[in-house]
Amino acid sequence: LRRGQLPRSVRYLVCADPPGPRIGNGGSTLHALRCLEEQYGDQWTSFTVLLIHSGGYSQRLPNASALGKIFTALPFGDPVYQMLELKLAMYIDFPRHMRPGVLITCSDDIELYSTGATETIAFDKPGFTALAHPSDVAVGTTHGVFVLDPSSLSGAGGLEYGSCYRFLHKPDVETMRQSGAVCVRKRCPQLCSPGSSGDSGTASECVYTDSVFYIDHSTATQLLGFYKQMGTLCCEIDAYGDFLQALGPGATADYTKNTSNVSREDAGLVGVRQQLYSLLQGTPLNVIVLNNSQFYHIGTTQEYLFHFTAESKLRFELDLQPVAFSILPDTAKTLDQLSIMQSVLEPGCVVGPGSVIEYSRIGPEVSVGKGSIVSGCCINFRADVPSGCFLSSVSVRTAGGVQYVTMAFGVGDDLKRSVKWLSDIHSLQFFGASLPECLGLWSVEASDQLFSSGDTRLGLWTARIFPVCSTLSESVRMSLNMLNSVQHKSAFKLSGFQRLSVEEMLAYKDVEDMLKFRKQIHDEICLQRQKEKSDF
């Protein structure tokens, strides 16, 4: 806002989850409604609200963990746009056709659509209203899927209003078929009726998947009343699975007992779901079917690399640039399969195809391999950054003041995976090797003290393996040495260092210092631009 990069006529409210157990994005939604009421009193009854879940731990895209996915840099704009600005731009037409209520979205997805000149997306009906996008059946297994009422749709035009018979949350293919969620593209969007299915296995099949949804004000008030009555939430609620599955005439309470999609099963989850089901049962679920639309997710390292560096449809549609608001040597400007955002690359450095570099300073004797992610780093020494690696530096505030830690992984490493017992940590993979093998190379003992998590979650997220250093560049050097040690099976001693896990880095993060480093790069780029103009 200070830099004038966001609209000033909008009220912004940032709500952190309450302290205590994790409450999921559904719990966060309820808590945000409470914050709105506390901040604005009865005024909020007339508000149209955009509620963006801003990223959680971001374990599958950890360069967004410290500052939140909603501030993910995008490779276009001068200075670079962030996801928040894109969200505001995408939804800019919604408020004028929206009754008081709340539009809920995530911070790692992008919805692009086209409608006819006279077609309008309106959020003006009671209950819930959701956007629906045609998707391959396989996509439905990782999203919410609508079983649409065929009598409410004509099958004409780019945009249609219909009603949803039932909502399925991350269903398997068989469930989608049995529920009548699958339709055949040659008849799409003329949908099959519930219980019927299209020709099995044909490439023309599709399902309608979820993205953004709206809750009208009276329904939001009902949910807020439920939250106040609960007092304290002690379990993770999913805004999609736990709200939407209660809706529509075909909804049943069966889902309340199904915890297969839950990251952590808490005591009381089933009871809370049953109460929500009783509260919301009978509430309409209206659907806006966008037949000419595409839903993109950028929540994992693989998706991030693909959409930003490969010839992806998203890259073409948003005109994403290989170089955005950066200083590069002229020799590097011909490379297309790159994504370089707000960074300074000095003459002599080499960056391999398929790599993303953001908010970083890369020195003249640095070579970055293929398909790597480098975020918030300063590499001012001779270095080879291996292919397929992930580097992201975090400023941390410790007893010794501001210090630096750089997390390093393979881009395919699973930071969500954890085991309960020390004897099982051999199943954890770090940059192509088992964790015990890596610990051996680093002279680090495998013990319960190695992991920061107080409970039995032993994984790459909680492993105290990253050295704390006094300078940003030294922390990158140390973490690169760790990767090189694993890659070449050579010893690199870490036993003398204070070390943190990623979990601890986020607990001790110093956001001000990280933003200061970004501002230094920003100012240097602006100065260079001015100098080039005056030279010209």
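The values are calculated or read from the model by the stated rules, or taken from the named source; none is laboratory data. Just so we're clear, the structure is a prediction, and the values are computed from it rather than from any experiment. Please note: Cβ atoms are built from the backbone with ideal geometry, for glycine as well, and neighbour counts cover all protein chains shown. Keep in mind that these areas ignore ligands, DNA and RNA; they rest on the heavy atoms of the full protein, side chains included. Shrake-Rupley method; radii C 1.70, N 1.55, O 1.52, S 1.80 Å.
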For the range 421-496, what's the relative contact order in percent, using C-alpha pairs closer than 8 Å and at least 6 residues apart? 35
Tilt relative to the chain, helix 472-488 - C-alpha long axis, 0 to 90 degrees, to 10: 90
Between GLY388 and residues 5 or more places away or on another chain, the pairs with built amide H atoms under 5 Å apart involve LYS370, GLY371, SER372
Can you tell me what percent of all Cα-Cα pairs in the range 322-525 are more than 20 Å apart? 56
Quickly estimate the mean residue ellipticity at 222 nm for the chain, helices only: each DSSP H run with n ≥ 4 gives -39500 (n - 2.57), and the total goes over all residues, rounded to 500. -7500 deg cm²/dmol
Among rounded, prolate and oblate, which fits the range 1-150 when a ≥ b ≥ c are the square roots of the eigenvalues of its C-alpha gyration tensor, a/c under 1.5 means rounded, and a/b larger than b/c means prolate? rounded
Whole angstrom only: what separates the Cα centroid of the range 438-516 from the Cα centroid of the range 98-171? 43
Note: the chain, point scatterers on Cα, Debye, no solvent; log10 I/I(0) at q = 0.08, 0.09, 0.12 Å⁻¹ equals -0.58, -0.73, -1.24
Could you size up the charge dipole of the range 322-525 around its Cα centre, putting +1 on the beta carbon of Lys and Arg and -1 on that of Asp and Glu, and report it in debye to the nearest 20? 140
Could you tell me which of TYR304, PRO171, ILE23 has its Cα farthest along the dipole of the chain towards the positive end, charges placed at Cβ (Lys, Arg +1; Asp, Glu -1), taken about the Cα centre? ILE23
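In what order, largest first, do SER65, SER490 sit by accessible area if the probe radius is 1.4 Å?
So, going from the largest accessible area down, we get SER490, SER65.
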Considering only protein heavy atoms, what is the solvent-accessible area of HIS217 at a probe of 1.4 Å, reported in Å² to the nearest 10? 30
Using protein chains only and a probe of 1.4 angstrom, how many square angstrom of TRP44 are accessible, to the nearest 10? 10
Pairwise label distance in nanometres, GLN5 with SER423, each label 7 Å out on the Cα-Cβ vector: 5.1
Env charge @ SER218, Cβ radius under 15 Å, K,R +1 / D,E -1, value -2
Quick check: net charge around TYR277, other residues with Cβ under 14 Å of its Cβ, Lys/Arg +1 and Asp/Glu -1? 0
Report the full-extension gain for the segment LYS533 to HIS488: residue separation times 0.36 nm, less the Cα-Cα distance, to one decimal in nm. 11.5 nm
Magnitude of the Cβ-charge dipole of the range 95-163, K/R +1 and D/E -1, about the Cα centre, nearest 20 debye? 280
Using a 1.4 angstrom probe and counting only protein chains, how large is the accessible area of CYS234 in Å², to 10? 80
Which order do the peptides 83-90, 146-153, 113-120, 339-346 take when ranked by the mean count of other beta-carbon atoms within 10 Å per residue, highest first? 339-346, 146-153, 83-90, 113-120
Restricting to bridges with both residues inside the chain, how much of the DSSP beta-bridge set is antiparallel, in percent to the nearest 5? 60
Net charge, PHE497 excluded, C-beta distance under 15 Å - Lys, Arg +1, Asp, Glu -1: +1
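Roughly how many Å² is the accessible area per residue of the range 322-525, as a whole number, for a 1.4 Å probe?
Solvent-accessible surface per residue comes out at 41 Å².
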With the contact rule set at Cα under 8 Å and sequence spacing of 6 or more, what percent relative contact order holds for the range 322-525? 18
Testing the spin-label approximation: label points 7 Å from Cα along Cα→Cβ at PHE71 and ASP42. State their distance in nm. 3.8
Label-point gap, in nm, between LEU88 and ASN258 - each point 7 angstrom along Cα→Cβ: 3.9
About the Cα centre, and with charges only on the beta carbon of Lys, Arg (+1) and Asp, Glu (-1), how big is the dipole of the range 412-451? Nearest 20 debye, please. 140
At 1.4 Å probe size, put LYS420, LYS125 in order of accessible surface, largest to smallest. LYS420, LYS125
